[in-house]
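Below: the structure, in structure tokens.
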Amino acid sequence: MSVTSAASVTSATSANPESVPASCPVSGQDAALPIGERFELTFGEVTPTDLYDEARANEPVCYSERLGLWIVTGEAEMRTMLRDPKRYSSVKHWIPYQEHPEVQAILDTGLPVKSMNMFTSDPPRHAYLRGLLNAEFTPQRIASKEARMRQIAHEVIDGVEHRGEMNFSDEFGDPFCMTVMGDILGYPREDQELLKRLEFGYINVALASCTLEQKKQAARDHVAHQEYYADLIEQRRRDPKDDLISRLIAESERNGEQMNTAAIIGECLSLQIAGHSTPVQCLGFLLQGLTRGGKTLGEVDCPPQVLISGFEEIVRLTLLGYSRRTTEPVELGGRQIPEDALVYMVVAAANRDKEVFGDIEFDPHREKAHKHLGFGWGRHFCIGAHLARAEGRIAMEVLRERLPGLRVAPDFVPDWLPNTAFRKVRRMPVVWEVTR
Amino acid sequence: MKVMPRVDRDRCMGTGLCHVTAPKLFDLDQEGHSVPLVDELDSAEDVEFAREAVDGCPLEAITLVTEPAG
């Protein structure tokens, strides 16, 4: 299992993606088991909507002995948790908290950055960090980057246009989202491949399906990832630029007690990962959703509002969940939860409530499509939501303009990767017509 | 009756949900705090949108203040 948080993004490949077992057990198979024992915290090919419906109706809060955590499927209970950071803490909310001693020994050679970033902090620390970072992601700031984002999309397409096919995530999503995020944070384009490899370490060390050797390699990658940012911070300290790293360094010079090098590294790591893996997957699913029924992107009427609502729909359907840790005994949904318990919110269940959404299938014409919990809720609501929405809309507009006949390859069969936070496929082949 | 939107900057965490719900009534300033774009809500429709933003704010940072007209 992996780190989970509203905005923190977790994926599930190791440094060598081919070596990770891709099978996800499908939940909800044995109705004789207590409901909590029928949950799997990974998204597979089949989303267990029947199990979600049953849990929401009968036991919106249940306990899984096997997973060692509380499972929440009721939306009201989730909102209660998300507005109460005093009782439901984001500190130490990842699953599992204890690493294998050999993995921990490697992690101990690095910095404890996981425990101090925005995703894993409570007020007042969280408010301080959020206050520093909010300015980078306001609607106006994102709007000011629109032309640049469009240019990046065009440049990526320039490189593949003549081919007529590509692996969408690797060849469009990754370079598009990583260039956008690199511009904001301050890492250069030529480091994208290295960062892609290293970032899996951050999330993979806790993944249950990895072997010990894979986890150890991921831990080494995680430490190397920290060192990468430590070096970049030193460069920017000498030679500041107009980027987020330089602004965090300036803050650390003003306010060293609150912001030190480890804290800057923590923010860089988590923002880079959050700003990369999730939007890449969402872009692929948005293309797939818009072109469902065998259409090409060019055949679909795509005014901005459809792309915006369509992107919200994908976020609604893509996120699985995130967790909190109790700081005192609490009562939730009629159950007594002890202190220091992990409580996992299955957002996928709340986001598929027929009483709230009616038809729960992807609908880019849905009114008020933003009313889901996929971006989180409360003070940890995804800081990059405006950025992600803009990426979705701009990417589809430029792809539609540049690649006639673009659609997901007709023989595409999703190869699901195990993941506790969101749906993820290994690759999504797409095809288009080459006109010259 | 005048209805005026107010944002408590100490509570606001910059989720931007008010802006998504009612883009004509709320935006985020340079620091990422919500700011009302109008002093007064002058139609029933705007009041409706503003109420939705009030209900949707997870930090309970938005209120509608009413005052007798004039």
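A short reminder: the numbers here are calculations on the coordinates, not readings from a lab. Note that the coordinates shown come from a computational prediction; the quantities given were computed from them, not determined experimentally. So basically every Cβ, Gly included, is an ideal-geometry build from the backbone, and we count neighbours across all protein chains shown.
Beyond 20 Å, what share of the Cα-Cα pairs of chain B is found? Please give it as a whole percent. Walk me through the intermediate numbers first.
On the way: 473 of 2415 pairs.
Tail fraction, whole percent: 20.
Considering amide H positions built from the backbone, and no H for Pro or chain starts, which residues 5 or more places from A:THR420, or on another chain, come under 5 Å of its amide H?
The list, which skips near neighbours in sequence, is A:SER2.
Can you tell me the relative contact order of segment A:320-399? Whole percent, Cα pairs under 8 Å, sequence separation 6 or more.
Numbers: 62 pairs, mean separation 17.5, N = 80.
Worked out over segment A:320-399, it gives 22 percent.
If Lys and Arg each add +1 and Asp and Glu each add -1, what is the summed charge of the other residues whose beta carbon sits under 9 Å from the beta carbon of A:LEU406? Intermediate results must be reported in sequence, preceding the final value.
On the way: positive: A:ARG400, A:ARG402, A:ARG407; negative: A:GLU433.
Around A:LEU406, the surrounding residues sum to +2.
Looking at segment A:78-138, which trypsin sites (Lys or Arg not before Pro) are DSSP coil and have at most 12 other C-beta atoms within 10 Å of their C-beta?
On the way: sites: A:ARG79, A:ARG83, A:LYS86, A:ARG87, A:LYS92, A:LYS114, A:ARG125, A:ARG130; in loops: A:ARG83, A:LYS86, A:ARG87, A:LYS92.
Those that pass, being in a loop and sparsely packed, are A:LYS86.
Would you kindly work out the equivalent ellipsoid of chain A from its C-alpha gyration tensor and give its semi-axes, the square roots of five times the eigenvalues, largest first in whole Å? Walk me through the numbers before you get to the answer.
Details: eigenvalues 188, 164, 87 Å².
Gyration-tensor ellipsoid for chain A: 31, 29, 21 Å.
Can you tell me what share of the DSSP beta bridges in the protein assembly as shown is antiparallel? A percent to the nearest 5 is fine.
Numbers: 29 of 32 bridges.
If we restrict to bridges inside the protein assembly as shown, about 90 percent are antiparallel.
When Lys and Arg each count +1 and Asp and Glu each count -1, what net charge do the other residues less than 12 Å away from B:MET1, Cβ to Cβ, add up to?
Details: positive: B:LYS2; negative: B:GLU40, B:ASP42, B:GLU67.
My count for the surroundings of B:MET1 gives -2.
Please give me the summed charge of the neighbours of A:ALA135: other residues whose Cβ is under 12 Å from its Cβ, Lys and Arg +1, Asp and Glu -1. Please list the in-between numbers first.
Values: positive: A:ARG130, A:ARG141, A:ARG247; negative: A:GLU136, A:GLU251, B:ASP29, B:GLU31.
Counting the neighbours of A:ALA135, the net charge comes to -1.
Can you sort A:HIS93, A:HIS100 by how many other beta carbons sit within 10 Å, fewest first? Write out the running numbers ahead of the final one.
Values: A:HIS93 22, A:HIS100 14.
Exposure proxy ranking, most exposed first: A:HIS100, A:HIS93.
Based on other C-beta atoms within 10 Å, arrange A:VAL413, B:VAL3 from fewest to most. Could you put the intermediate results ahead of the total?
Working: A:VAL413 8, B:VAL3 17.
Neighbour counts put them in this order, fewest first: A:VAL413, B:VAL3.
Taking the convex hull of the Cα atoms, report for segment A:208-353 its projected area averaged over all directions, in nm². Could the numbers behind the result be given before it?
Details: hull surface 60.0 nm².
It is 15.0 nm².
Under the rule of -39500 (n - 2.57) per DSSP H run of 4 or more residues, summed and divided by the residues of chain B, what mean residue ellipticity at 222 nm is obtained, to the nearest 500 deg cm²/dmol?
On the way: 2 runs with 18 residues, N = 70.
Helix-only estimate at 222 nm: -7500 deg cm²/dmol.
Where does chain A land at 222 nm, in deg cm²/dmol rounded to the nearest 500, when only DSSP H runs of n ≥ 4 count, each adding -39500 (n - 2.57), divided by all residues? If you can, show how the numbers build up before the last one.
On the way: 16 runs with 187 residues, N = 436.
So the helix-based figure for chain A works out to -13000 deg cm²/dmol.
Using a 10 Å cut-off around each Cβ, can you sort A:MET78, B:MET4, A:MET181, A:MET116 from fewest to most neighbouring Cβ atoms?
Details: A:MET78 29, B:MET4 15, A:MET181 24, A:MET116 18.
Least crowded to most crowded, the residues run B:MET4, A:MET116, A:MET181, A:MET78.
What is chain A's relative contact order, in percent, from Cα pairs under 8 angstrom and six or more apart in sequence? Write out the running numbers ahead of the final one.
On the way: 782 pairs, mean separation 128.6, N = 436.
Over chain A, the number comes to 29 percent.
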